[in-house]
Amino acid sequence: MVSDWQEHLVVRRCHPLAATAKTPDTLTFALALSSVTVRNLDPGVHAALLAVDTESISLAELTRIARAVCRDTDTTRLLRELGRLYVRKGLAFAVEHGTETLCTLWSTSSLGTATLDLAEAGHRYRMSRFAVLRREDSDLVVDSLAGHARLSIQRTELAAALAGLHRPATEPDLAASLAAALPPEVLGACLRLMVLGGVVGIVDEDGKLPEDRDPDLDLRDPHDLLLHNRSRIGLTTDPVGGTYRMAGTRPPLPALRAAWSGARTALPRPDLDALTRTDMPLTAVMERRRSRRRFAPVPLSLDELGEFLFRVFRVKQMLPLDPDEPHSYEGSLRPLPSAGDAHDLEVYVVAGRIDGLGRGLFHYDPLEHTVAEVAGPGYPVSALLGTAKLSAAIPEEPPALIVLASRFGRLAWKYEGLSYAATLKNVGVAYAGMYLAAEAMGLAACGLGSGDAGSFGAATGVKPYVESSVGELMLGPAAVAEP
Ligand SMILES: Cc1cc2nc3c(=O)[nH]c(=O)nc-3n(C[C@H](O)[C@H](O)[C@H](O)COP(=O)(O)O)c2cc1C
């Protein structure tokens, strides 16, 4: 029997599939970058799969084609192969009502799975914790982060249905709540499409989804999956990489941040030739390095701060923008590498106890090797140092807190999908450089994972989507007792 909802659930090819049959029970489909061959098909499934190479055909029609050719055709196999072609991005599923498309589902990764639920009734459904609803241009889309699918919603009633599924509900419950805005069989098709994409799932008697019982998924936060999926090729159908997405629409940000107007202090420069001769060998530095949270009861000297910042963060050479090259942007060479040579990270110093600097927040100018005052003593600065103290569970504020803040636009101008991921990688690079320099200098350093971007924004007055703190490291003279 073909259910009513199957008349509305349609299969659409994503591109011509150029199906070829080497033998009567085999079919090969061309996919974007590969092909898929299905074997040992009964004549009914074979005929139905040949018919999917079209703009739109309903599941009911495919089932009829299969049964017309072979009375006891394996419809479960047909659904499995449709699911396989969908996962490999050869097919999309949609729900149609008359000439209207209500929603469309695409696979976003060949690592996904697709099982069409043909159960007729009796289930309770619930929205996945990993379904993220948002607007993209004039479309309403739901990203199913664990189901590796994207649902595009064309009828707002469906968004209401989805909202209703924050709690478990049956199909009749939902139909009633939609006040007949959608015929039940159309809603049924939409619901099955959402289940197929993992946007909603079928709950057990405790109202739990399979994802709630999966210890690996239960561990994860939706925003972490969103960032990971969106920033990795193969987990998204959106562009990932250096696409120069904003080139031609706006100029790139300059390599150096606009100078702060506060009082400037010139920092002492170390003698790099002398350090090259006297520094501990790299292996010794790496072997000795520890996170050191105990500071001597003396301030960090300006010499030490100057040497530390010079070793790790200074600009060695500016690389000018080429005005004839649309993808060109100003760069710089520094001791550490940086994604796209964009050096999006600005270095700030929260001074607690630094000789020659009052208590406050300072910005490091990596070209001039100076610091400029951004905020004086008082609330945001004490909150920044207080959060560091709490994060490291130490009794006193650290003498200095190095705060790395990204000018996000530096990377976002060029990179699509991965710019924030690249920022965090740059933070990792900076942590490693700072840890090693501190160890070589005999200073105590400890990276922190939970910085206070709110207090940082309060101190700078800059919107957190423009420039925000993304990493912190405590720095100071080491306690004598530290090994
Ligand atoms: C990204 C990152 C975040 C960290 N966050 C904290 C933190 O919030 N508090 C803390 O006391 N230590 C923090 N640490 C230090 C680690 O606890 C430390 O590296 C780890 O215990 C291993 O010890 P070791 O660095 O001495 O080898 C962090 C280290 C890194 C790299």
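Quick one: compute the contact order of the chain, relative version, from alpha carbon pairs under 8 angstrom and 6+ residues apart, as a percent. Intermediate values should be presented prior to the final figure.
Working: 977 pairs, mean separation 57.7, N = 483.
Relative contact order for the chain comes out at 12 percent.
What span do the alpha-carbon atoms of the range 5-231 cover on each of the three principal axes, reported in whole Å from largest to smallest?
Dimensions of the range 5-231 along the principal axes of its Cα atoms: 49, 40, 37 Å.
Rg and Dmax in Å for the range 243-477, alpha carbons only: what are they?
17.4, 56
Assuming 0.692 mPa s and 37 °C, estimate D for the chain with Stokes-Einstein, Rh taken as the Kirkwood radius over Cα pairs, in µm²/s. Display every interim value, and only then the final one.
Numbers: Rh = 26.4 Å.
Here the translational diffusion coefficient equals 124 µm²/s.
If you stretched the chain out fully between Asp341 and Glu287, how much longer would it get, using 0.36 nm times the residue separation minus the C-alpha to C-alpha distance?
Gain on stretching Asp341 to Glu287: 16.5 nm.
So if R0 is 41 Å, what FRET efficiency would Val462 and Thr54 give, r being the distance between their Cβ atoms, rounded to the nearest 0.05? Spell out each step's value before the answer.
Numbers: r = 53 Å, r/R0 = 1.30.
Computed FRET efficiency for Val462 and Thr54: 0.15.
Compute the Cα gyration tensor for the range 140-222, then decide on rounded, prolate or oblate, letting a ≥ b ≥ c be the square roots of its eigenvalues: rounded whenever a/c is under 1.5, prolate when a/b is larger than b/c in the other cases, and oblate in all that remain.
Working: a/c = 2.35, a/b = 1.49, b/c = 1.58.
Oblate, since a/c reaches 1.5 and b/c is not below a/b.
Measure off, as a whole percent, the carbon and sulfur share of the 1.4 Å-probe accessible area of the range 5-231, all protein chains present.
C and S fraction of accessible area: 53 percent.
Could you give the dipole magnitude of the chain about its Cα centre, charging the beta-carbon of Lys and Arg +1 and that of Asp and Glu -1, in debye to the nearest 20? Please list the in-between numbers first.
On the way: 50 positive and 59 negative charges, 136 e Å.
Charge dipole of the chain: 660 debye, to the nearest 20.
Calculate, for the chain, the solvent-accessible area per residue in square angstrom, rolling a 1.4 angstrom probe over the heavy atoms of the protein chains. Numbers along the way, then the final one.
Working: 22310 Å² over 483 residues.
Per residue, the chain has an accessible area of 46 Å².
Computed FRET efficiency, Cβ-Cβ of Asp273 and Lys316, R0 22 Å: what is it to the nearest 0.05?
In this case the efficiency is close to 0.90.
Against the longest principal axis of the chain, how steep is helix 419-441, in degrees 0 to 90 to the nearest 10, with axes from Cα atoms?
That helix lies at roughly 30 degrees to the long axis.
Return the loop-located GluC sites (Glu not before Pro) in the range 169-250 (DSSP other than H, G, I, E, B) with at most 15 other Cβ atoms within 10 Å of their own Cβ; answer none if there are none.
Passing sites in the range 169-250 are Glu205.
Between 0 and 90 degrees, rounded to the nearest ten: what's the tilt of helix 222-231 against the longest Cα principal axis of the chain?
Its long axis makes an angle of about 90 degrees.
For Met246 and Leu226, FRET efficiency with R0 = 22 Å and r from the beta-carbon atoms, rounded to 0.05?
0.55
The values are calculated or read from the model by the stated rules, or taken from the named source; none is laboratory data. Worth saying up front: this structure is predicted, and the values here are computed from it rather than measured. Quick reminder, even Gly has a Cβ in these numbers, built from the backbone with ideal geometry, and neighbours come from all protein chains shown. In case anyone asks, the SASA skips ligands and DNA or RNA and just uses the protein heavy atoms, side chains included. Shrake-Rupley method; radii C 1.70, N 1.55, O 1.52, S 1.80 Å.
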